[in-house]
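Here the structure is laid out as structure tokens; the discussion comes afterwards.
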Amino acid sequence: MTAQASKQDALEPVAVGTPVARTEGPLKVRGAAAYAFEVPADDPLFLHLVQSTIAKGAVRTVDASPALAHEGVVAVLDHTNAPRLETGENAELQVLQTPDVTFRGQVVAVVVAESAEAAREGARLVVVDYDVQEHKAELRGGDEDSYAPEKVNPAFPTDSSVGDMDRALEAAAVVVDETYTTPYEHNNPMEPHATTARWAADADEGPRLVLDASTQSVHGVISELAPILGLEAEEIRVRSPYVGGGFGSKGLPHAHDVVAALAARANPGRPVRIALTRQQMFALAGYRTATIQRFQLAAGADGTLLGINHEVLEQTSALKEFAEQTAVATRHMYAAPNRHTSHRLVTLDVAVPSWMRAPGEMPGMAAHEMAMDELAVACGIDPVELRVRNEPEVDPESGQPFGHRKLVECLRTGAERFGWAERDPRPGARLDGDWLVGLGVASATYPYYRQPANTARIEALTGGRYAVSIGAADIGTGALTVLGQIAADALGIGVADVDVHLGDSSLPPATVAGGSAGTASWGSAIVEAARTFRKEHGASPGVGDVSTGSPADNPAMDTHSLHSFGAQFVELGVNVWTGEPRLRRMLGVFSAGRIINPTTARSQLIGGMVMGLGGGLLEESVRDPRFGHVVTQDLASYHVASHADVRDVEAVWLDETDPLTNPMGSRGIGEIGIVGAAAAVANAAWHATGIRVRDLPVTADRFLDLPADLPALAGHPSGGA
Ligand code: MOS
């Protein structure tokens with residue numbers, strides 16, 4: 001299959017590429033968009049979870065009587081009286097089925113009450129007694145108990161080797177051999193995980209169970225929940241028209257969704273509502289695992305890479321395996337004839353990790369790009385030039401041609417716009433008042449995914465309008481708006497004449513808003529449905545004419561290495577007296593295929609960069625291994641980047657259309673903005689101070705003892721020497 005033969009039949013862009021305002025924006029700013037916890041419900045019951053206070057063991061007894069005596073409390077469900085579930089592969093969802101406790105914070109009971117307040121007070125009053133076992137909740141380097149998972153998320157090989165790394169190390173003029181660590185991070189979308197559930201009171205009522213769930217995938221919730229509830233897929237309906245962020249944490253249902261279904265089943269006809277508290281989200285909604293990464297770069301004196309070795313140690317949970325694909329991006333990033341990547345997991349008695357924005361690429365590229373900066377310094381080469389010098393001709397592991405690799409253009413464009421040429425290569429050479437100032441760069445990458453299993457339906461309405469329906473999810477990204485633009489161009493009509501319907505499992509099946517693949521996957525289905533519609537109904541269809549369409553497989557996905565690329569530039573100040581690191585400027589330049597809506601795309605890319613800035617400077621979930629849980633479980637102690645941290649952040653992109661990916665020529669933009677950002681921060685911190693931070697995040701305490709010989713500090717009252 002040649003590149004020519006696998007070109008996607010392109011869409012003629014008219015609305016696509018224009019900054020259409022967010023369709024549902026007015027509803028959201030007026031508070032008229034009902035989120036999962038707020039959907040209208042008659043006489044609802046409220047749930048509050050009781051969580052284990054031990055990390056490992058078993059529930060011996062649950063004394064519900066004090067809770068049941070409290071006014072408004074209706075019931076307390078625990079493993080002895082909760083409705084039974086069918087067994088299933090996702091152990092995280094087997095809630096209240098056994099007395100076993102596998103992490104601190106696990107759901108051991110749920111209080112059902114007439115008000116949210118009564119439920120919460122009831123949960124406080126439930127007395128749980130445990131048989132306690134020894135637990136292990138600390139990830140340490142050199143852990144003897146690590147193992148190789150069968151694959152890493154979602155289905156990549158665990159290990160990969162090309163050539164002979166040992167010989168590369170022997171032949172190298174310069175070797176970087178360092179260990180980098182990244183911390184636990186929690187997704188923390190603004191809208192907490194929430195579900196309103198209703199079990200039908202009688203069998204003739206339609207679906208047995210209706211869930212209004214805050215989810216990235218309505219059909220995904222059904223495929224996870226239907227089997228364990230003993231229902232056919234058609235017997236559950238899931239709706240999520242508005243979702244206040246997810247970042248992966250709403251990509252799969254979690255325990256609270258199951259609890260809502262069980263409590264609804266126990267109270268047929270009555271809606272039940274549950275929302276996780278911010279603190280509960282630190283145990284029950286997934287998170288990014290911490291990593292310990294050894295990086296070896298073997299290079300010639302001119303910086304040409306001879307070998308790359310990336311060995312990752314990370315953790316998973318006793319309840320369910322999740323293997324973050326931390327070293328996978330390394331496999332296609334830079335040219336080097338000898339290469340090795342591996343992942344090892346340590347099983348801990350902790351909450352279940354899962355997807356968080358750019359799982360794998362975010363922590364892995366943080367380490368890779370910090371190591372590249374060290375190599376640039378060791379070779380005396382500009383860090384932008386080092387990356388350009390190691391640009392591969394073809395995918396260095398698979399040997400496949402790249403579809404549309406524009407990393408060098410991103411680096412060069414960014415360097416030009418950021419004023420990189422004026423950068424003094426010496427660290428600690430620039431002072432602005434009491435702030436040492438440094439510039440850092442890092443590359444970004446994210447794979448192109450397109451999920452085939454998507455169907456869209458198009459129906460002609462009166463007045464020349466069209467309804468476009470697909471069970472997709474807009475989690476705040478702008479998907480609703482962007483799909484309208486794609487549909488308009490596919491039908492050859494104006495954006496204002498399209499009504500897009502999504503966020504409901506009664507609409508045609510759609511895959512998850514994840515893997516930065518939503519627009520590509522759903523948009524391809526819409527284009528196909530529009531083509532079918534025109535074929536079946538011609539240019540002047542009758543009202544009520546309907547067609548559906550699903551995209552064919554894209555052969556280029558098998559023949560080409562398809563990825564987005566980017567370059568992150570950071571100017572960081574480090575206070576001479578306090579060590580405080582502060583962002584001064586940040587620029588991201590991205591190559592992500594055609595940008596369908598510059599307004600929503602810019603927001604997505606900047607959002608990713610801000611989250612990456614948080615990963616560079618602030619975000620760290622601190623686990624207390626004595627108890628097994630995360631102690632920084634609120635936004636006062638888990639710091640995300642907020643307005644005062646952000647200041648001047650800009651995202652731009654190359655003007656391009658990818659001929660191999662899909663009819664829109666797009667790739668994906670949800671995740672690449674976070675990739676590389678933390679490394680650019682750490683590299684800028686080195687340039688400001690000469691201090692190399694290899695353990696994220698980059699915090700003030702690292703800079704309390706500045707090197708004595710920084711050029712900019714000669715004569716400064718802080719001493720400098
Ligand atoms: Mo994203 S972590 O694939 O929702």
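Go through (1) out of contact with any Ser or Thr (no Cβ under 8 Å at 6 or more places or on another chain); (2) crowded, with 20+ Cβ neighbours inside 10 Å; (3) touching a residue at least 40 places away in the same chain (Cβ under 8 Å) and name the single condition VAL210 misses.
Here VAL210 meets the rest and fails (3).
Return the residues of segment 508-527 that are open to solvent by 10 Å² or more (accessible area, probe 1.4 Å) and away from the ligand (no atom under 16 Å from the Cβ); say none if nothing qualifies.
PRO508, PRO509
Of the residues in segment 252-299, how many are part of a loop (DSSP other than H, G, I, E, B) and within 15 Å of the ligand (Cβ to nearest atom)?
Residues meeting the conditions: 7.
Answer yes or no: is there a residue in segment 442-454 that is of a type in the set (Val, Ile, Thr) and either surrounded by fewer than 19 Cβ atoms within 10 Å (Cβ to Cβ) or within 30 Å of LEU209 (Cα to Cα) (or both).
So far as segment 442-454 goes, no, none of its residues is of a type in the set (Val, Ile, Thr) and either surrounded by fewer than 19 Cβ atoms within 10 Å (Cβ to Cβ) or within 30 Å of LEU209 (Cα to Cα) (or both).
Restrict the check to segment 376-384 and report whether at least one residue is under 29 Å from the mean Cα position of the chain (by Cα), away from the ligand (no atom under 16 Å from the Cβ), in a helix (DSSP H, G or I) and over 28 Å from GLU571 (Cα atoms).
No: segment 376-384 contains no residue that is under 29 Å from the mean Cα position of the chain (by Cα), away from the ligand (no atom under 16 Å from the Cβ), in a helix (DSSP H, G or I) and over 28 Å from GLU571 (Cα atoms).
Within segment 80-90, is even one residue part of a strand (DSSP E or B) and modelled with pLDDT of 95 or more?
Looking for residues that are part of a strand (DSSP E or B) and modelled with pLDDT of 95 or more, one finds none in segment 80-90, hence no.
Would you call MET370 closer than 21 Å to ALA299 by Cα, under 23 Å from the mean Cα position of the chain (by Cα) and not small (Gly, Ala, Ser)?
Taking the combined requirement at face value, the residue satisfies it.
Applying the selection to segment 171-217, what residues are among the hydrophobic types (A, V, I, L, M, F, W, C), assigned to a loop (DSSP other than H, G, I, E, B) and in contact with a strand residue (DSSP E or B) (Cβ under 9 Å, 6 or more places away or on another chain)?
Residues satisfying the conditions are ALA172, ALA173, ALA200.
How many residues are part of a loop (DSSP other than H, G, I, E, B) and buried (at least 21 other Cβ atoms within 10 Å of the Cβ) when one looks only at segment 220-251?
Qualifying residue count, segment 220-251: 9.
Being part of a loop (DSSP other than H, G, I, E, B), surrounded by fewer than 20 Cβ atoms within 10 Å (Cβ to Cβ) and within 35 Å of the chain's Cα centre (by Cα) is the filter here, so list the residues in segment 695-719 that pass it.
Matches in segment 695-719: THR699, LEU704.
Condition first: surrounded by 19 or more Cβ atoms within 10 Å (Cβ to Cβ) and β-branched (Val, Ile, Thr). Now tell me which residues in segment 75-100 satisfy that.
Selection gives VAL76, VAL95.
Looking at (1) of a type in the set (A, V, I, L, M, F, W, C); (2) free of Cβ contacts under 8 Å to residues at least 60 places away in the same chain; (3) open to solvent by less than 70 Å² (accessible area, probe 1.4 Å), which is the one condition that is false for LEU68?
Looking at each condition in turn, LEU68 falls short on (3).
Of the conditions (1) within 24 Å of PRO189 (Cα to Cα); (2) touching a Ser or Thr at 6+ places or on another chain (Cβ under 6 Å); (3) more than 16 Å from the ligand (Cβ to nearest atom); (4) open to solvent by less than 10 Å² (accessible area, probe 1.4 Å), ALA473 fails just one. Which one is it?
(3)
Give the residues of segment 658-683 that are within 16 Å of the ligand (Cβ to nearest atom), β-branched (Val, Ile, Thr) and farther than 30 Å from THR179 by Cβ, sorted by residue number.
Scanning segment 658-683 gives a single hit, ILE669.
Among the residues of segment 322-353, write down those that are surrounded by fewer than 24 Cβ atoms within 10 Å (Cβ to Cβ) and closer than 22 Å to VAL630 by Cα.
Those that are surrounded by fewer than 24 Cβ atoms within 10 Å (Cβ to Cβ) and closer than 22 Å to VAL630 by Cα: PHE322, VAL346, THR347, ASP349.
Identify, by number, the condition in (1) without any contact (Cβ under 8 Å) to a residue 12 or more places away in the chain; (2) on the phi > 0 side of the Ramachandran plot; (3) of a type in the set (Ser, Thr, Tyr) that SER516 doesn't meet.
Only one criterion in (1) without any contact (Cβ under 8 Å) to a residue 12 or more places away in the chain; (2) on the phi > 0 side of the Ramachandran plot; (3) of a type in the set (Ser, Thr, Tyr) is unmet by SER516, namely (1).
Write out, first by first residue and then by second, each pair whose Cβ atoms fall under 9 Å of each other, whose residues are 6+ apart or on separate chains, and whose first residue, in segment 685-701, is in contact (Cβ under 8 Å) with a residue 24 or more places away in the chain while the second is crowded, with 20+ Cβ neighbours inside 10 Å and hydroxyl-bearing (Ser, Thr, Tyr).
Hits for this filter: ARG694/TYR180; ASP695/TYR180; ASP695/THR182; LEU696/TYR180; LEU696/THR182; PRO697/THR182.
Got a number for residues in segment 101-129 being out of contact with any Leu (no Cβ under 7 Å at 6 or more places or on another chain) and open to solvent by 20 Å² or more (accessible area, probe 1.4 Å)?
So the answer is 12.
Failed condition for VAL574, given (1) in contact with a strand residue (DSSP E or B) (Cβ under 7 Å, 6 or more places away or on another chain); (2) surrounded by 24 or more Cβ atoms within 10 Å (Cβ to Cβ); (3) under 24 Å from SER666 (Cα atoms), with all others met?
Among (1) in contact with a strand residue (DSSP E or B) (Cβ under 7 Å, 6 or more places away or on another chain); (2) surrounded by 24 or more Cβ atoms within 10 Å (Cβ to Cβ); (3) under 24 Å from SER666 (Cα atoms), VAL574 violates only (3).
Would you check which residues across segment 27-65 are farther than 20 Å from LEU262 by Cα, open to solvent by 40 Å² or more (accessible area, probe 1.4 Å) and hydrophobic (A, V, I, L, M, F, W, C) and list them?
Selection gives LEU27, VAL29, ALA32.
From the list VAL500, VAL468, VAL482, which one is under 24 Å from PHE247 (Cα atoms), away from the ligand (no atom under 16 Å from the Cβ), touching a residue at least 24 places away in the same chain (Cβ under 8 Å) and in a strand (DSSP E or B)?
Matching residue, one of VAL500, VAL468, VAL482: VAL500.
Quick check on segment 304-311. Is at least one of its residues of a type outside the set (A, V, I, L, M), within 21 Å of PHE565 (Cα to Cα) and surrounded by 24 or more Cβ atoms within 10 Å (Cβ to Cβ)?
Yes, segment 304-311 contains a residue that is of a type outside the set (A, V, I, L, M), within 21 Å of PHE565 (Cα to Cα) and surrounded by 24 or more Cβ atoms within 10 Å (Cβ to Cβ).
How many residues, within segment 345-372, are of a type in the set (D, E, K, R), part of a loop (DSSP other than H, G, I, E, B) and within 16 Å of the ligand (Cβ to nearest atom)?
Step one: filter segment 345-372 for residues of a type in the set (D, E, K, R), giving 349, 357, 361, 369.
From what is left, the residues that are part of a loop (DSSP other than H, G, I, E, B) are 349, 357.
When the remaining residues are screened for being within 16 Å of the ligand (Cβ to nearest atom), the result is 357.
Number satisfying all stated conditions: 1.
Search segment 546-567 for residues that are more than 21 Å from ALA366 (Cα to Cα) and pair each with any residue that is in a strand (DSSP E or B) and among the β-branched types (Val, Ile, Thr) when their beta-carbon atoms are under 9 Å apart and the residues are at least 6 apart or on different chains.
Between residues of segment 546-567 that are more than 21 Å from ALA366 (Cα to Cα) and residues that are in a strand (DSSP E or B) and among the β-branched types (Val, Ile, Thr), the close pairs are VAL546/ILE458; SER547/ILE458; THR548/ILE458; GLY549/ILE458.
The values are calculated or read from the model by the stated rules, or taken from the named source; none is laboratory data. In this text the structure is predicted, and so the values were computed from the model without any measurement. Virtual Cβ from ideal backbone geometry, glycine too; neighbours counted across all protein chains shown. The area values use the complete protein model at the heavy-atom level, side chains included, leaving out ligands, DNA and RNA. Shrake-Rupley method; radii C 1.70, N 1.55, O 1.52, S 1.80 Å.
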